[in-house]
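Below is one structure; the comments refer to it alone.
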Amino acid sequence: QVQLVESGGGLVQPGGSLRLACAASGISVSLNAMAWYRQALGKQRELVARILAGGSTNYADSVKDRFTISRDNALNTVYLQMNSLKPEDTAVYYCHTTYRGYWGQGTQVTVSS
C-alpha cells in the first residue's frame, strides 16, 4: 500500500517562506521520480517541481530560483522549500510519484497579507 502524506502548508505573508514535506510509505523516494504539483481555485493542476531517481531536478518557470525540491532518503521524505512566496503561489499542493501514479491528499498554501 503506497501512501504519500503532505504536511507544512499554511498561511504566510508575501515574501515569506514555507517548507512542505511529503512522507512516503510503500515506495522508496530514492528509486522513483517524485514531484510536487499545485492546483489553484478554478485552474488546472500544474507541475511545480520534480526530482528524478538519479537526483536531477526540474522546475516550472514560475518558481525557478524561489523553490527547491529535495529528498531525505533515510526519512523517505521529499521536501519543497518555498521562498519569496507570492499571492499567485496560493494553491493546494500535492505530492505525486510516477510509481503507479499515486497522489497525496494535498496541503493548502495561502499567501496573503
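The values are calculated or read from the model by the stated rules, or taken from the named source; none is laboratory data. If you're wondering where the values come from, they're calculated on a predicted model, not measured in any experiment. In this analysis, Cβ positions are derived from the backbone assuming ideal geometry, glycine residues included, and neighbour counts consider all displayed protein chains. With ligands, DNA and RNA removed, areas are computed over all heavy atoms of the protein, side chains included. Shrake-Rupley method; radii C 1.70, N 1.55, O 1.52, S 1.80 Å.
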Out of 106, 101, which single residue is without any contact (Cβ under 8 Å) to a residue 40 or more places away in the chain and more than 15 Å from residue 17 (Cβ to Cβ)? 101
Of the conditions (1) surrounded by 14 or more Cβ atoms within 10 Å (Cβ to Cβ); (2) touching a strand residue (DSSP E or B) at 6+ places or on another chain (Cβ under 6 Å); (3) over 20 Å from residue 4 (Cβ atoms), residue 87 clears all except one; give me its number. (1)
Counting only residues that are in a strand (DSSP E or B) and not β-branched (Val, Ile, Thr), segment 68-104 contains a total of 13
Which residues, counting only those in segment 27-58, are assigned to a loop (DSSP other than H, G, I, E, B) and of a type in the set (Val, Ile, Thr)? 27, 29
Within segment 17-24, does at least one residue satisfy the condition of being within 13 Å of residue 77 (Cα to Cα), among the hydroxyl-bearing types (Ser, Thr, Tyr) and in contact with a Leu (Cβ under 8 Å, 6 or more places away or on another chain)? no
Determine if segment 12-32 includes at least one residue that is charged (D, E, K, R) and free of Cβ contacts under 8 Å to residues at least 60 places away in the same chain. no
Filtering segment 1-22 for residues that are part of a strand (DSSP E or B) and either more than 13 Å from residue 102 (Cβ to Cβ) or open to solvent by 60 Å² or more (accessible area, probe 1.4 Å) (or both) leaves a count of 10
Note on segment 90-113: residues open to solvent by 50 Å² or more (accessible area, probe 1.4 Å) and within 26 Å of residue 14 (Cα to Cα) are 105, 108, 112, 113
